[in-house]
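Below is one structure, written out as structure tokens; comments come after it.
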Amino acid sequence: MRQPLVAGNWKMNGSRAMAKELIEGLKAGIGEVSKARMAVCPTFVHLPEVASLLEGSSIQFGSQDVCDRVGTGAFTGEVSGEMLKEFGCTYAIVGHSERRSLYGESDEFVAQKFAAARQAGLKPILCVGETLEEREGGITEEVVGRQLDAVIELEGVEALADGVIAYEPVWAIGTGRTATPEQAQETHAFIRGKIAALDAEVAGKVQILYGGSMKPDNAAELMAKPDIDGGLIGGASLKAADFLAIGKAAG
Ligand code: PGA
């Protein structure tokens with residue numbers, strides 16, 4: 001059985017005070033979350049604070065991005081997977097649609113980041129998803145398939161078992177417009193089926209999260225779908241009560 005994972009993507013939000021308050025709130029309520037594993041992904045600068053606040057807690061944490069290169073060197077502004085691992089990160093989000101669209105990250109570049117995170121011993125959370133135009137053009141599976149193929153071609157299908165996939169339809173992110181459970185399940189099943197065609201064991205193991213306006217009131221029906229193994233939560237992860245409620249909705 002795949003354990004549900006509910007991960008919070010704080011994006012460019014937070015302050016030291018807000019991080020402390022949010023983490024204290026999560027620690028106070030985590031005992032009521034029985035089935036899901038919970039994780040937070042703050043900004044790089046908030047990671048040390050969050051790491052120390054979470055010491056001894058079952059709540060995991062990760063970064064929102066990672067450098068595509070391994071090791072150290074002259075890469076101004078970058079943070080390596082090894083550095084993140086040293087701080088206790090479990091995860092590194094790669095290929096979030098905001099990075100793809102606002103910062104021009106290509107499928108190949110995202111695949112390099114996936115590889116670098118994995119090499120550092122992090123679990124990459126690989127985000128995939130189509131824009132509204134692509135959905136309306138009927139090419140959702142083509143787009144998501146291409147995004148997955150970039151990683152499979154670089155690292156092999158087995159590599160996916162070391163990470164997590166997050167299906168995030170771009171039109172549902174931060175818009176309040178969630179994919180219906182049926183729409184989400186359809187794409188999740190496509191993703192799992194595509195992986196199963198190459199390696200059934202990997203397909204059975206890999207967690208596929210849904211992301212895009214997941215909230216306490218729609219989380220349970222989304223996560224009740226057979227191929228939806230949790231959520232990657234933006235806005236609703238910034239309030240302890242909402243984020244915990246989503247964790248509880250995982251069962
Ligand atoms: P949202 O963001 O929950 O605010 O829609 C999700 C994400 O971008 O990961």
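The values are calculated or read from the model by the stated rules, or taken from the named source; none is laboratory data. Please read all numbers here as calculations on a predicted model, not as lab measurements. For neighbour counting, all protein chains shown are included, and Cβ atoms are generated from backbone atoms with ideal geometry for every residue, glycine included. In case anyone asks, the SASA skips ligands and DNA or RNA and just uses the protein heavy atoms, side chains included. Shrake-Rupley method; radii C 1.70, N 1.55, O 1.52, S 1.80 Å.
Heavy atoms only, probe 1.4 Å: what % of the accessible area of the chain goes to carbon and sulfur, would you let me know?
Taking all protein chains in place, the chain shows 51 percent carbon and sulfur surface.
About its Cα centre, how strong a charge dipole does the chain have in debye, to the nearest 20, once Lys and Arg get +1 and Asp and Glu get -1 at the Cβ?
Around 800 debye, computed over the chain.
Give me the orientation-averaged projected area of the Cα convex hull of the chain, in nm², one decimal.
Spelled out: convex hull of the Cα atoms, projected over all directions, averaged, 12.3 nm².
Give me the percent relative contact order of region 5-249, please, defined on Cα pairs under 8 angstrom at least 6 residues apart.
21 percent
Taking the dipole about the Cα centre of the chain, with the C-beta of Lys and Arg at +1 and of Asp and Glu at -1, give me whichever of 222, 87, 203 is farthest to the positive side.
Highest projection toward the positive end goes to 87.
So with the 1.4 Å probe, I'd like the accessible area per residue for the chain, rounded to whole Å².
On a per-residue basis, the chain sits at 44 Å².
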